[in-house]
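J.: Next up is a structure, given as structure tokens.
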Amino acid sequence: MGPVERDDSDRDDSDRERSYEATFARQHRQLDAMFDGLLLALRSDAGELHGVRERFAALRDALEAHVDQEDRLYYPAVRALRPVYRPQIEQLFDAHETFRARLGEIDASLANGAAADARAALGEFARAFALHEAAEEQMLRSIDAELAAAAAETPLP
Ligand SMILES: [Fe+2]
Ligand SMILES: [Fe+2]
């Protein structure tokens, strides 16, 4: 099973566990752990990049799968439910494009054996991505709360 696929073993039927925010947050923590492992490996293994490149490839696959899900599945739905968030979502789409491009550049550094460049670029990437994750989770918490409030205010006839 890939790192950002749904894990059925801890499936929970509560609304909370099925919320957008909970799904994203779970995937974000998985990506955070992959960043931590990769940065650690780059620090301790600067001369031997083979294992680092494998870790990077796994992180890149997982991160691209995550942002693809956001772009194709979640954010179009969120935008339809709450058009007021459209500008924020457009910014997130732009950030995803930047992240994809940056991953390609870091991959090239690793392929060239430029460990110090890759380490610096990955540290910067990890910080930028953490801010991105926090902004997404905050937005989705707000949307979850708004939708829950709207549902509560709309009793069945
Ligand atoms: Fe994102
Ligand atoms: Fe995300």
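J.: Considering only residues of the range 103-115 that are loosely packed, with under 14 Cβ neighbours inside 10 Å and among the small types (G, A, S), which is nearest to ligand 1 (Cβ to nearest atom)?
T.: At the first step, the residues of the range 103-115 found to be loosely packed, with under 14 Cβ neighbours inside 10 Å are 104-105, 108, 111-113.
Remaining after also requiring among the small types (G, A, S): 104, 108, 111, 113.
Values: G104: 17, A108: 23, A111: 26, G113: 30 Å.
Applying the filter and picking the extreme gives G104.
J.: Right, another one. Does the range 1-48 hold any residues that are at pLDDT below 85 and touching a Leu at 6+ places or on another chain (Cβ under 6 Å), and which are they?
T.: Y20, E21
J.: Residue under question is A130, and the condition is that it be within 13 Å of ligand 1 (Cβ to nearest atom), at pLDDT 95 or above, surrounded by fewer than 16 Cβ atoms within 10 Å (Cβ to Cβ) and under 30 Å from R43 (Cα atoms); does it hold?
T.: On the way: within 13 Å of ligand 1 (Cβ to nearest atom): yes; at pLDDT 95 or above: yes; surrounded by fewer than 16 Cβ atoms within 10 Å (Cβ to Cβ): yes; under 30 Å from R43 (Cα atoms): yes.
Spelling it out, A130 is indeed within 13 Å of ligand 1 (Cβ to nearest atom), at pLDDT 95 or above, surrounded by fewer than 16 Cβ atoms within 10 Å (Cβ to Cβ) and under 30 Å from R43 (Cα atoms).
J.: Turning to a different aspect of this structure: Give the range 58-86 a look and list any residue that's more than 14 Å from ligand 2 (Cβ to nearest atom), free of Cβ contacts under 8 Å to residues at least 40 places away in the same chain and either under 23 Å from F125 (Cα atoms) or among the charged types (D, E, K, R) (or both), or say none.
T.: Residues satisfying the conditions are R79, R86.
J.: In the range 69-84, which residues are surrounded by 13 or more Cβ atoms within 10 Å (Cβ to Cβ) and within 13 Å of ligand 1 (Cβ to nearest atom)?
T.: Q69, E70, D71, Y74, Y75, V78
J.: Another question, if that's okay. In the range 133-157, which residue that is small (G, A, S) and within 16 Å of ligand 1 (Cβ to nearest atom) is farthest from the chain's Cα centre (by Cα)? Break it down stepwise before answering.
T.: Filtering the range 133-157 down to residues small (G, A, S) leaves 134-135, 142, 145, 148-152.
Then keep just the ones that are within 16 Å of ligand 1 (Cβ to nearest atom); that gives 134-135, 142.
Details: A134: 10, A135: 11, S142: 18 Å.
The selected residue is S142.
J.: Could you tell me how many of the residues in the range 133-155 are free of Cβ contacts under 8 Å to residues at least 40 places away in the same chain and either outside any helix (DSSP H, G or I) or crowded, with 16+ Cβ neighbours inside 10 Å (or both)?
T.: Selection size over the range 133-155: 3.
J.: Quick one: L140 ticks every box in (1) over 15 Å from F56 (Cβ atoms); (2) out of contact with any Phe, Trp or Tyr (no Cβ under 6 Å at 6 or more places or on another chain); (3) aliphatic (A, V, I, L, M) except a single one, so which number is it?
T.: (2)
J.: Checking the structure you have, find out if any residue of the range 116-125 is surrounded by 15 or more Cβ atoms within 10 Å (Cβ to Cβ) and either within 15 Å of ligand 2 (Cβ to nearest atom) or of a type in the set (F, W, Y) (or both). Quick ask: steps written out before the conclusion?
T.: Going through the range 116-125, the residues surrounded by 15 or more Cβ atoms within 10 Å (Cβ to Cβ) turn out to be 117-119, 121-122, 125.
If we keep only those that are either within 15 Å of ligand 2 (Cβ to nearest atom) or of a type in the set (F, W, Y) (or both) as well, we get 125.
Taking every residue of the range 116-125 in turn, at least one turns out to be surrounded by 15 or more Cβ atoms within 10 Å (Cβ to Cβ) and either within 15 Å of ligand 2 (Cβ to nearest atom) or of a type in the set (F, W, Y) (or both).
The values are calculated or read from the model by the stated rules, or taken from the named source; none is laboratory data. Nothing here was measured: the structure is a model prediction, and the numbers come from that model. Cβ sites come from the backbone with ideal geometry, for glycine too, and all protein chains shown count toward neighbours.
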